[in-house]
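Colleague: Right, I'll just put the structure down here and ask away after.
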Amino acid sequence: MTTSRSGRAPRVSVVVPTFDGADLVAALLRSLERQTIPHEVIVVDNGSTDRTAEVVGAAAGVRLVRLDANVGFGRAVNRGVVEAQGDTLVLLNNDVECEPEFLERLCDALDPGSGVTMAAGVLLKAHDPRIIDTAGIEFDPTLLAFDYLHGQERSVLDNGVRDPIGPCAGAAAFHREAFEGVGGFDENIFAYLEDVDLIVRLLARGDRCRLAPGALALHRHSATLGARSRAKNDLIGWSRGYLIGKYRLHRRPGLFARTVVEELTGALGKLAVDRAGLALRPRLEGWRAGRSAQACELPSFPPRVHEISILDAHRRRIRRRAHWLQTP
């Protein structure tokens, strides 16, 4: 495990934001009790109305931060980080269950001295653990994001796959100094794509991500809102528009033209597969909010980001929606 400057192993703080997911949180906390390294757990309750407080209160050694209302994923995580004491921050969704070596393998992947301040865990589909749900995040030059290795068999992890651009916030480790150095999550984003925004800001510092192929957990995908719910689609639409505005893609003709094409093809895909619309209004509202935010410059991305063509992006979207349709 990576050592701190004092020579001691860094303290690990696990931060779990949750909303009305008592049974999910209970399963996650049981899995954290079986971990192979010492750690602290902080659950940030986003104003839940179910038994969440009771469940967390009954778990040994777990700290509960209760918020009066649902303030969103990023803001809840930031609040949990304030309470955390560790040098290493591990972020987990409430709908995962970790294998015993998850934390140890994930934290071992960090190497801040070499610029590796992000580590990505591997989430396997709960209904079929042979299949990967996500092993981090990839995105194209317009910040259109995809789950790395989504839908592939777990066995691909044995073949020396490359690292993702960044971790999915539902199974991620960050060097605390780096996380706080870029201001943590942008609290204007209520939910979804806040990890993309954080990754971009860390990349701008020259930081990198490493995949931890042995850090495995089961994932009940979108257990809170539902994978194809309108609420989720609206939140993603707002966040997508916000990133377009925040990074001023509308001022870069080439990128903006590609963005428009991608959004239109995405809309056609939703109509064909989900019978759902594009969530145009949330996208426009997010774009306006992004334009009002402090402008951020896109960093120089690795070549692999630019290798994702519009056609490739469209194919990835189709494959993902096909997997969702097959999920029980």
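Colleague: Check ILE131 against each of (1) farther than 25 Å from GLU262 by Cα; (2) within 18 Å of the chain's Cα centre (by Cα); (3) not basic (Lys, Arg) and name the one condition it does not meet.
Modeller: (2)
Colleague: Identify all residues within segment 1-27 that are modelled with pLDDT of 95 or more and touching a Leu at 6+ places or on another chain (Cβ under 7 Å); write none if there are none.
Modeller: Selection gives VAL12, SER13, VAL14, VAL15, VAL16.
Colleague: Within segment 153-167, how many residues are farther than 13 Å from ILE199 by Cβ, in a loop (DSSP other than H, G, I, E, B) and at pLDDT 95 or above? Give the derivation first.
Modeller: Taking segment 153-167 as the starting set, the residues that turn out to be farther than 13 Å from ILE199 by Cβ are 153-162.
So of that shortlist, the ones also in a loop (DSSP other than H, G, I, E, B) come out as 160-162.
Checking the rest, the ones that are also at pLDDT 95 or above come to 161-162.
The qualifying residues number 2.
Colleague: Turning to a different aspect of this structure: Among the residues of segment 59-79, which ones are surrounded by fewer than 18 Cβ atoms within 10 Å (Cβ to Cβ), charged (D, E, K, R) and either out of contact with any helix residue (DSSP H, G or I) (no Cβ under 8 Å at 6 or more places or on another chain) or over 22 Å from ALA27 (Cα atoms) (or both)?
Modeller: Passing the criteria: only ASP68.
Listed here are the residues, each with its yes/no results for (1) outside the structural domain of LEU124 (by TED's automatic domain parsing); (2) surrounded by fewer than 17 Cβ atoms within 10 Å (Cβ to Cβ); (3) not in a helix (DSSP H, G or I).
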{"residue": "THR36", "(1), (2), (3)": "no, yes, yes"}
{"residue": "SER48", "(1), (2), (3)": "no, no, yes"}
{"residue": "VAL56", "(1), (2), (3)": "no, no, no"}
{"residue": "VAL81", "(1), (2), (3)": "no, no, no"}
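Colleague: Looking only at residues that are over 14 Å from LEU193 (Cβ atoms) and aliphatic (A, V, I, L, M) in segment 241-261, which one is surrounded by the most Cβ atoms within 10 Å (Cβ to Cβ)?
Modeller: LEU255
Colleague: Something else: Within segment 149-160, is even one residue closer than 30 Å to ASN70 by Cβ and not assigned by TED's automatic domain parsing to the domain that holds ALA257?
Modeller: Yes: one or more hits.
Colleague: Being of a type outside the set (Phe, Trp, Tyr), assigned to a helix (DSSP H, G or I) and in contact with an Asp or Glu (Cβ under 7 Å, 6 or more places away or on another chain) narrows it down to one residue among ALA231, ALA267, ALA257, ALA178; which is it?
Modeller: Details: ALA231 fails: in contact with an Asp or Glu (Cβ under 7 Å, 6 or more places away or on another chain); ALA267 fails: in contact with an Asp or Glu (Cβ under 7 Å, 6 or more places away or on another chain); ALA257 fails: in contact with an Asp or Glu (Cβ under 7 Å, 6 or more places away or on another chain).
Criteria check complete, one pass: ALA178.
The values are calculated or read from the model by the stated rules, or taken from the named source; none is laboratory data. Predicted model only: the values in this text are computed from it and were never measured. Heads up, the Cβs are rebuilt from the backbone with ideal geometry, glycines too, and the neighbour counts pull from every protein chain shown.
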